[in-house]
1. When the Cα atoms of the stretch 1-64 are enclosed in a convex hull and the volume is divided per residue, what value in Å³ results?
2. I need the shape label for the stretch 113-232. Rule: rounded when a/c is under 1.5, else prolate if a/b > b/c, else oblate, with a, b, c from the alpha carbon gyration tensor.
3. What residues have an amide H closer than 5 Å to that of residue 95, excluding those fewer than 5 places away on the same chain, when H is modeled at 1.01 Å from N in the peptide plane?
4. Mind checking the log10 I(q)/I(0) for the stretch 114-185 at q = 0.27, 0.29 Å⁻¹? Debye, one equal scatterer per Cα, no solvent, two decimals.
5. Measure nothing but the geometry: give the 0 to 90° angle between the long axis through the Cα atoms of 217-228 and the longest principal axis through the Cα atoms of the chain, rounded to 10°.
6. Between residue 4 and residue 78, with labels modelled 7 Å along Cα→Cβ, what's the label distance in nm to one decimal, could you check?
7. If you take the beta carbon distance between residue 152 and residue 197 as r and set R0 to 25 Å, what does 1/(1 + (r/R0)^6) give as a FRET efficiency, to the nearest 0.05?
8. May I ask you to derive the relative contact order of the stretch 179-232, considering only C-alpha pairs under 8 Å and at least 6 residues apart, and to give it as an integer percent?
Amino acid sequence: ERDVGDQALGGVRKLAEAEIAVPPLERAVKATLEAEVGGVRNAWTYWLFPERKPVEGTGLVCEEKYLAALAPRYPGIRAAASGDAAALSGARAVVAEFGGALEKAALAAGRRTVALANQAGEPNVTLGWWAMTEQLGAALKAHAMTSLLPHEGLFEQFLFRIGRTGLALPVEGFTGDDCVMVGEGGKGCYLYLAAKRLPNGAERRLIAGLDVLADTREGSAILDAAIEKEME
C-alpha cells in the first residue's frame, strides 16, 4: 500500500513503485498479481519457474547442427554426425532431427530419442479471427514431457513465442494414443508433442513446431523434461 495524497488532474504519471520478492520455487507455478488503485482492480497472470541450472550433459548426444544451441544448457553434451552409430555408445539420450539417420540409429540402439522438427520460423500465432494462422488452438495432456510446465491443458499465451507450425496429422510412426499435444489449424490438425515406447525399449519422443532450441524457460522446460523424465 502507498499513500500518494491528493493528485492534481493531468497527464499520466508514475505515483509509486513496488518490488515483489518471489521466494525460491521447487517447481513451476502459475501465479496471479493483483493490483487495486482507488477501488479499480486489475490482475495479471505469470508463469514462474525455479532458477534453471545447467543440466549435466554427460551421456547426451545431439546432431552436430544442434550443438551450439544445446552445449551451454547441457555441459558435456557431444555431437554426432547423422550416420555415426558408434557415437551412440553409452548415450542416455539422443537429440536428433525427426526422421533423420541419427534418430533411426538411436531408436535401433534402444536409446531415449528426442526428435526435433519445425524449429525455425516466426511465431505461428496471431490474435484475432481476421489474421488466423495454422495455430487455432491446441491441447496438452498431463505427461512426463509437459511435467515441468504449469500448464492447464491449453496452448496458452505463455507458449506463443515458441509456437511454430507442427507436423500435419497423421504422422507416420505415431498413433492417437501417443499424442501429448495436438492442435487445430486452418487447413487441418497438427502434432506438436508425442511419445511412445518401442518393443526394444527405446523411448521415441517428438517435439515439432515448438522452438525448444531458443533459450527460453518454457522451451527449456519442455526439452529438459523430454530428455530427463521417465515415461509414465
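All of the numbers you see were taken from the coordinates with simple rules; none came from a lab. Quick caveat, the model's predicted, so the values are computed rather than measured. Cβ atoms come from the backbone with ideal geometry, glycine included; neighbour counts cover every protein chain shown.
1. Values: hull volume 11.5 nm³, N = 64.
Each residue corresponds to 179 Å³ of Cα convex hull volume.
2. prolate
3. 61, 62, 63, 114
4. Rounded to two decimals, the profile gives -1.55, -1.59.
5. Approximately 30 degrees, to the nearest 10.
6. Calculated label separation equals 6.0 nm.
7. Numbers: r = 27 Å, r/R0 = 1.07.
Result of the calculation: an efficiency of 0.40.
8. Taking the mean separation of contacting Cα pairs over the length of the stretch 179-232, I get 20 percent.
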